[in-house]
Amino acid sequence: MATFKVESEQHGELNCWRISSDRAELLIAQQGAQILSYQRVGEPPLLWLSDQAIFRQGKSVRAGVPVCWPWFGNLQRNPSSVQAMFHGEQAPAHGLARTRDWQLLGIEETGSSLRIEFGLPEAQGALPDWPHAVELKLLVVLGDELELSLTSRNMGNSPVTISQALHSYFAVSDVRQARVEGVEGLQYIETLADWEQRQQEGALAFAGETDRIYLDTPQKLSIVDPHWDRRITLSCSGSRSAVIWNPWTERAKELADMADDGWQRMLCIETANVWDDVVELKPGGSRSLQVKIGSVVI
Ligand code: TA6
């Protein structure tokens, strides 16, 4: 049975918790209920934390798993049903949840796992220019794997439509040697070529800037990393879309919180509900978006 140690830490302006057991270590920030890093004992990190990360209130950290909610990416690129939910002028990229402080609702040890639950009470009517009442919770389970489950429940009287993603930054030895399996043959939206729809041939290898929305994704995706003899495994549920992103050379230089060569050591696979996979929550209805992250030696 694992015994967990939970310690509070301050990183720049952010309150964080470091959770460790004899098997793994996890760092979580209160802002955004954002996982910042995850490493299993005897392995390189599974989730990537930028060397130049900025820990500032109101700014999402370039690391781990930012929660994109109640819209993903540029709101103007979302279906009109998602856009109509926001009544303001300036819609921040990736929604409103990743830069606000969440509440730690509880930490509970059950057998060999630790369950950590966060909530965002502001989502029940107090988010700026988003006048809807949704109970939003993130459950983090640290066991043999890391499980994340983001649940939205509509507490209001009218339907609410959201897009969302668990914007996961994975650590790799060198993205140029890595490949993503599970996407073979899928249709995707190439956001870098006028959002054209294309078909994926074979597994995805990286040879330049990549920013794609994969459609009708299977539950299992994986990252094969031959240099680290590792396959990172993702088991997704509540999702039929995934965003795969690497900024490559030029975009990385534009990002103040990423080293110029930082793009080599990361790639994002974001378990999502985007494009034709957005979620309509009827009054009283709820939906969970989940990913389980693990690894095996290859
Ligand atoms: O998920 C891919 C993406 O939307 C990219 O277009 C890229 O901009 C990235 O997310 C990071 O966004 P951020 O707002 O965190 O800089």
Order of 11-18, 103-110, 74-81 by packing, highest average Cβ count within 10 Å first?
-> 11-18, 74-81, 103-110
May I ask you to sort Lys5, Lys59 by Cβ crowding, counting other Cβ atoms within 10 Å and putting the fewest first?
-> Lys5, Lys59
Cβ-defined net charge surrounding Asp194, 14 Å radius [Lys, Arg +1; Asp, Glu -1] | 0
Can you sort Phe118, Phe4 by how many other beta carbons sit within 10 Å, fewest first?
-> Phe4, Phe118
Ellipticity estimate at 222 nm from DSSP helix runs (n ≥ 4, -39,500 (n - 2.57)) divided over the chain, nearest 500 | -1000 deg cm²/dmol
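Take each of the peptides 184-195, 60-71, 203-214, average the number of other beta-carbon atoms within 10 Å over its residues, and list them starting from the highest.
Output ranking for 184-195, 60-71, 203-214: 60-71, 203-214, 184-195.
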Classified through the alpha carbon gyration tensor (a ≥ b ≥ c as square roots of its eigenvalues; rounded if a/c is under 1.5, else prolate when a/b is larger than b/c, else oblate), the chain comes out rounded
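Values in this text are rule-based calculations from the coordinates and carry no lab data. Fair warning: this is a prediction, and the values are worked out from it, not measured in the lab. Quick reminder, even Gly has a Cβ in these numbers, built from the backbone with ideal geometry, and neighbours come from all protein chains shown.
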